[in-house]
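Asks: This is the structure I want to talk about, given as structure tokens.
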Amino acid sequence: MQIKRAMVMAAGKGTRMRPLTDTLPKPLVPFMGRPLIDHVLDRLGKAGIEEVIVNTHHFADMLEEHLSRRTFPRIVISDERAQLLDTGGGAKHALHLLGSEPVITFNSDSVWIEGFGENLRSLMDAFDPARMDALLMIADASRTIGYVGRGDFHMDPLGALTRRGPGETVPYMFAGVQIIKPSLFAEGPDGVFSTNLIWDRLMERGTLFGQRMSGVWMHVGTPEDLDASEAFLRDL
């Protein structure tokens, strides 16, 4: 299905990216000469997304001024200056902007090298609203630049996701992008909460799925990850 609206999660303080985020928001940290969020917005625009909701908190004025210079996709600000709400709370706060149709949510630091085809297009093609409440873009830990820890999920042959258990190491990482039905965020509490709360409920229902991405995902959570990703790209 063609999705027309997305939300970019851009409100966080970027604590692990310090000292770079002492003077600017993480979405404006340069990556290969351009702010991280511009890579994200370009990819969304190429995939046919027409409107992008961007939440702001840390150095909000600076980020909003930068975004005001973009003409496509159309940018709508969800202001979280009063309180940082985490990913789930931020989406619930923006429900009046997201509408009722499935949307893409996209972490502002999620960047990758495409493999075969285009990952966003493949994700939209794979989303089946009749059996899925959310479809996560999943990276192979072995094809990820940056911190992977013990991985995030098991994935069965049909793509259904379950959490790794205590002490387990699993091969799949959440790559920072998903398609999700916005109404699910209304089920969360008021105020601060993580999207993980929604995912746990969907796993119980059997409606949380993953789609393996192609190419190489870059987890740019720290200055060291940023350097490693840029070095990898320069060596291609």
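Readers should treat all values here as calculations from the given coordinates under stated rules, not as data from a laboratory. Given the structure is predicted, the values throughout are model-derived calculations rather than measurements. Cβ atoms come from the backbone with ideal geometry, glycine included; neighbour counts cover every protein chain shown.
Asks: Could you put 198, 77 in order, starting from the residue whose Cβ has the fewest other Cβ atoms within 10 Å?
Replies: Values: 198 23, 77 17.
Ascending Cβ contact count within 10 Å gives the list 77, 198.
Asks: Taking a cut-off of 23 Å between Cα atoms, list the lysines near residue 181, but don't count ones fewer than 8 places away on the same chain.
Replies: Straight-line reach from residue 181, under 23 Å: 4, 46, 92.
Asks: Using 0.36 nm times the number of residues separating residue 168 and residue 156, minus their current alpha carbon distance, what extension gain do you get?
Replies: Working: separation 12, 0.36 × 12 = 4.32 nm, distance 1.60 nm.
Working it through step by step, the gained length comes to 2.7 nm.
Asks: Oh, and also: Amide H to amide H under 5 Å from residue 53: which residues, 5+ apart in sequence or cross-chain, H placed 1.01 Å off N in plane?
Replies: Those lying under 5 Å, H to H, from residue 53 are 6, 7, 8, 76.
Asks: Need one number: nm distance between label points at residue 147 and residue 1, each 7 Å from Cα along Cα→Cβ, rounded to one decimal.
Replies: For residue 147 paired with residue 1, the spin-label model returns 3.5 nm.
Asks: Sort 11-19, 84-92 for me by packing, meaning the mean count of neighbouring Cβ atoms within 10 Å per residue, highest on top. Mind showing how you got there, number by number?
Replies: Values: 11-19: 17.4, 84-92: 22.9.
Put in order of decreasing packing, that is 84-92, 11-19.
Asks: Taking the Cβ of residue 213 as the centre, find all other residues whose Cβ is under 11 Å away and add up their charges (Lys, Arg: +1; Asp, Glu: -1). Mind showing how you got there, number by number?
Replies: Values: positive: 143, 212; negative: 114, 118, 140.
Computed value for this residue: -1.
Asks: Next question. With just the Cα atoms defining each centre, how far is the range 151-172 from the range 180-236? Give it in Å.
Replies: 14
Asks: Once every DSSP H run of n ≥ 4 in the chain is given -39500 (n - 2.57) and the sum is divided by its residues, what mean residue ellipticity at 222 nm do you get, rounded to the nearest 500 deg cm²/dmol?
Replies: On the way: 7 runs with 62 residues, N = 236.
Result for the chain, helices only: -7500 deg cm²/dmol.
Asks: Using 1/(1 + (r/R0)^6) with R0 = 22 angstrom and r between the beta carbons of residue 62 and residue 18, what's the FRET efficiency to the nearest 0.05? Write out the running numbers ahead of the final one.
Replies: Working: r = 16 Å, r/R0 = 0.73.
Taking R0 as 22 Å, the efficiency between residue 62 and residue 18 is 0.85.
Asks: For the range 76-108 and the range 38-75, write down the distance between their C-alpha centroids in whole Å.
Replies: Taking the Cα centre of the range 38-75 as reference, the centre of the range 76-108 is 13 Å away.
Asks: Whole-Hz ³J(HN,Hα) for each residue in the range 53-61, computed from phi via Karplus 6.51 cos²θ - 1.76 cosθ + 1.60 with θ = phi - 60°, x for glycine and proline: what do you get?
Replies: Running phi through 6.51 cos²θ - 1.76 cosθ + 1.60 with θ = phi - 60° gives 8, 10, 8, 9, 8, 6, 6, 4, 4 Hz.
Asks: Compute the signed sum of charges (Lys and Arg +1, Asp and Glu -1) over the other residues within less than 11 Å, Cβ to Cβ, of residue 93.
Replies: Counting the neighbours of residue 93, the net charge comes to -3.
Asks: Can you give me the long-range amide H partners of residue 215? Hydrogens built in the peptide plane at 1.01 Å from N, cutoff under 5 Å, separation of 5 or more residues or another chain.
Replies: For residue 215, whose amide H was placed from the backbone, the distant partners under 5 Å are 115, 116.
Asks: Okay, next question. Quick check on the exposure proxy: order 217, 199 from fewest to most C-beta atoms within 10 angstrom.
Replies: Numbers: 217 28, 199 23.
So the ranking, lowest neighbour count to highest, is 199, 217.
Asks: Could you run the Karplus curve 6.51 cos²θ - 1.76 cosθ + 1.60 with θ = phi - 60° over the range 140-153 and give me ³J(HN,Hα) per residue in whole Hz, x for Gly and Pro?
Replies: Once rounded to whole Hz, the list reads 6, 4, 6, 10, 10, 9, x, 5, 10, x, 9, x, 10, 9.
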